Amino acid sequence: MYRLISATPSPYARKVRIQLAEKCIPFELITEVPWNRDTETPKYNPLEKLPVLICDDGESVYESRFINEWVEFKHPTPALMPKDPDAVLLTKRFEILADGICDACVLVFWERARAETAQSREWTARQLRKAAGGLREISRMLGDHEYCVGDRLTLADIAVGSCIGWLNVRMPENTWREDHPNLAALQDRLESRPSFQATVPYAQVISDPVV
Ligand SMILES: N[C@@H](CCC(=O)N[C@@H](CS(=O)(=O)O)C(=O)NCC(=O)O)C(=O)O
């Protein structure tokens, strides 16, 4: 059985958890705090980041977009990546934007973890500008469609849903729901799916110093 190293708030890990659930692939969830000294993550990923999917033969797969692609190759049904090349490229564009928003907001999270006097307002503003720009572009691309790509759930919806669901946890002050009603409607549809209901993110306790 697969094992998945995950963390309770992780939007990246949630993408894999949702994908495995949508495909009814059983796995053992290993919940970690990758910054704590007792983390197992570095044993399976030299980059020391989760999620990591660990196979029965010991092979470890890391980097969430790669894990998603790997799972699509190994377990193609139900397909969460379209067949049409242009639709595949559009799906990947949504994934890149969603992950990029998370990346920028993770940097803000850690900047805010520093002493007030050590925080850079310019750096934080730059990351928030990237997140706002990414959300604006995702909203523009989604328009009034039911799904991000085509007429069914894909990895694009899973990436966007995991990203904006994480914003609720890590940046509750973010006004993305008011700014982008079409994203709010997409999120409400996605969060009604059992795969999303089973993977709602929540904050973790980081006991060891990080910054
Ligand atoms: N690009 C990576 C990002 C993964 C990532 O940043 N994971 C965090 C945990 S979380 O932010 O997803 O909760 C991590 O392991 N960080 C540890 C570290 O950066 O050393 C992916 O998509 O898998």
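The values are calculated or read from the model by the stated rules, or taken from the named source; none is laboratory data. Everything numeric in this text was worked out from a predicted model, so none of it was measured. In this analysis, Cβ positions are derived from the backbone assuming ideal geometry, glycine residues included, and neighbour counts consider all displayed protein chains. Keep in mind that these areas ignore ligands, DNA and RNA; they rest on the heavy atoms of the full protein, side chains included. Shrake-Rupley method; radii C 1.70, N 1.55, O 1.52, S 1.80 Å.
Structure summary
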| item | result |
| --- | --- |
| Cβ pairs under 7 Å, 6+ apart, first in segment 120-131 and open to solvent by 100 Å² or more (accessible area, probe 1.4 Å), second modelled with pLDDT of 95 or more | TRP123/GLU111; LYS130/GLY100; LYS130/ALA104 |
| Output for segment 58-104, where each listed residue is open to solvent by 70 Å² or more (accessible area, probe 1.4 Å) and of a type in the set (A, V, I, L, M) | LEU89, ILE96 |
| Any hit, segment 196-206, residues being over 29 Å from ALA79 (Cα atoms), assigned to a helix (DSSP H, G or I) and touching a residue at least 12 places away in the same chain (Cβ under 8 Å) | no |
| Residue selected from segment 185-211 under the condition aliphatic (A, V, I, L, M) and open to solvent by less than 10 Å² (accessible area, probe 1.4 Å), by the criterion farthest from SER64 (Cα to Cα) | LEU186 |
| Residue among GLU48, GLU63, GLU32, GLU72 that alone is more than 9 Å from the ligand (Cβ to nearest atom) and at pLDDT 95 or above | GLU72 |
| Qualifying positions in segment 150-165 - touching a residue at least 12 places away in the same chain (Cβ under 8 Å) and open to solvent by 10 Å² or more (accessible area, probe 1.4 Å) | GLY150, LEU153 |
| Members of segment 32-53 found to be touching a helix residue (DSSP H, G or I) at 6+ places or on another chain (Cβ under 9 Å) and either part of a strand (DSSP E or B) or in contact (Cβ under 8 Å) with a residue 40 or more places away in the chain (or both), listed by number | LEU50, PRO51, VAL52, LEU53 |
| Unique residue being within 15 Å of the ligand (Cβ to nearest atom) and part of a helix (DSSP H, G or I) when the list is ALA104, ALA132 | ALA104 |
| Candidate set: segment 9-18, residues that are more than 19 Å from PRO42 (Cβ to Cβ) and within 13 Å of the ligand (Cβ to nearest atom); chosen: the one surrounded by the fewest Cβ atoms within 10 Å (Cβ to Cβ) | PRO9 |
| Segment 54-78, residues that are in contact (Cβ under 8 Å) with a residue 12 or more places away in the chain and part of a loop (DSSP other than H, G, I, E, B) | CYS55, ASP56, GLU63, HIS75, THR77, PRO78 |
